[in-house]
1. Provide the gained length on full extension for the span Gln289 to Ala85, in nm with one decimal, where the gain is 0.36 nm per separating residue minus the Cα-Cα distance.
2. What residues have an amide H closer than 5 Å to that of Asn454, excluding those fewer than 5 places away on the same chain, when H is modeled at 1.01 Å from N in the peptide plane?
3. Provide the gained length on full extension for the span Lys173 to His448, in nm with one decimal, where the gain is 0.36 nm per separating residue minus the Cα-Cα distance.
4. For labels at Arg414 and Ser441 in the simple 7 Å Cα→Cβ model, what's the distance in nm?
5. For Arg258, what is the net charge nearby, where nearby means another residue's Cβ is under 14 Å from its Cβ and Lys, Arg count +1, Asp, Glu -1?
6. For the charge dipole of the stretch 264-357, defined by +1 on Lys and Arg C-beta atoms and -1 on Asp and Glu C-beta atoms about the Cα centroid, which residue among Ser333, Cys319, Tyr357 has the Cα displaced farthest towards the positive pole?
7. Using a 7 Å offset from the Cα along the Cα-to-Cβ direction at both Val112 and Asp189, what is the distance between the two label points in nm, to one decimal?
8. How many times 2.2 N^0.38 Å is the alpha carbon radius of gyration of the stretch 243-283?
Amino acid sequence: DVSGSIEKSRPPPVHVPEQEDGTMSEQVTNASAEEATNATQEDMDDWNQNLGDGKKKKRRKRRKKEPEAPLCIRIQVHTDGLTEALLFNVDTLAAAIKEGVHVSDNRTFLTVHTRTFRGFAAVEWLKEHAQKAMFGDKEGEEFKNPHLAKNVAMLLAQKLLAVGIMRQVTGAKDKPFDDPSSLFRFHGDDSERGPLLNCRTIWLHVARKPLEVVSELLYTAQKLVLKFPKDLSTRTEWEDLWNATSELQLVNINSLDRIGLLAFFLNCYNLVILHAHVVRGNVDGSDFQSKRASFVKDNHYMIAAYNYSLTEIEERLFCRSLRSKFAKGSDKSRAPEPRVHFALSLGCMSSPRIRVYHPGSLDEDLQRAAVEYLANNAPRNGITDSTTPEGTRVTEVVLPKIFKWYKEDFGFSRQEVLAYYASFVPRHHREEVKRVAVGNSFLIRYDHYDWSLNL
């Protein structure tokens, strides 16, 4: 049996023995030797001056900042009633596997995937590496356990995938290294135009709490967009933020409750939107309308070791695939929180305003976002009476465009959609909308959507 974890770890400090008289021996560690060579001439002059004056002052100990512990993969091997811990340095292992695995252009049907390798080839290389880690260069059958070595190799491969050393290109998502057709690509071989926006660098540290990370990133992105509206992508501040987004690769979202996950992924969606527009969007947004479908599908973030497109984040927020399994109109087929639509932005003039959401105030913030969005985007005089060519009098109601795009998230009938809309409009207008919904003699028309950018 094997188990693994990702952690920061360092070897124990070197102990320097003392002589019988209490002084240190002549054995000097590398760190203390480096401290000695870093002493300036001014330091030495001060020391000599103190000695010459007869004032024996204790020299202030110069402490260098201790380097941060490297990221390691710890594998616990349980066999024959014994447990052995194997520690693999991620940087060292990544450099070695890049040299050991054959990288080439591989074809899947009509698509050529450049600079990729087979998952089973990586596992085979890691299997040999694990065998040496467990038994060294010892000969003999008693020092060979191919089944155990393969289990360790599979776990190592999964952890390297989790920390972003490699990225899956094709193959099964649930058990990618069991699929012989799975292709992978090393991080350094991914072009900057690849789908993963936050993987230009790999996060090799322990990540902070997920809501703390995404809230700080989104807040910083908003400030930079306001400060540098035209040339943000060329600013060093943006480069720093871009590198910082890689922390989301290793956040742990398993401890978040339903409200926490909702706030987290809502903030993630708006962060990816801002990031994608700055890096890949047009300044004026002239062609964004025609590219919207590919925009939300092709821009990804690695979040908690999983690759999410904007479309997949929407799925986490609205659970459409799960809801489709239940009878239409039943409680389980309804959107869990339709107000999220008034908080998700596409970065356009007709999109909701981007703000940072927190679990503790999420209900109040979503209510405020819905009221604000409908107040700003609901057309004035949106209810009018008209007569059809057949002579029938009907009431025409004009709603924002998102009620057309996501109408099943707001209700399963025209009356339900209109009643939901009425719950957010001002009181004097609410009664009129409810009266129209009860009358059932109305048409719904959708307002124009302004696609011009508004980050």
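The values are calculated or read from the model by the stated rules, or taken from the named source; none is laboratory data. Just so it is clear, the structure is predicted and the values come from calculations on it, not from any experiment. A quick note on method: Cβ atoms are made from the backbone with ideal geometry, for glycine too, and the neighbour counts reach across all protein chains shown. Each accessible area value is taken on the protein alone, full model and side chains, heavy atoms only, with ligands, DNA and RNA left out. Shrake-Rupley method; radii C 1.70, N 1.55, O 1.52, S 1.80 Å.
1. Details: separation 204, 0.36 × 204 = 73.44 nm, distance 5.41 nm.
Net length gain for the segment: 68.0 nm.
2. Cys348, Met349
3. 95.0 nm
4. 1.2 nm
5. Details: positive: Arg316; negative: Asp257, Glu337, Asp363.
With Lys, Arg at +1 and Asp, Glu at -1, the net is -2.
6. Farthest towards the positive end: Ser333.
7. The two pseudo-label positions are separated by 1.4 nm.
8. Numbers: Rg = 12.4 Å, N = 41, 2.2 N^0.38 = 9.0 Å.
Relative to the 2.2 N^0.38 Å estimate, the stretch 243-283 comes out at 1.38.
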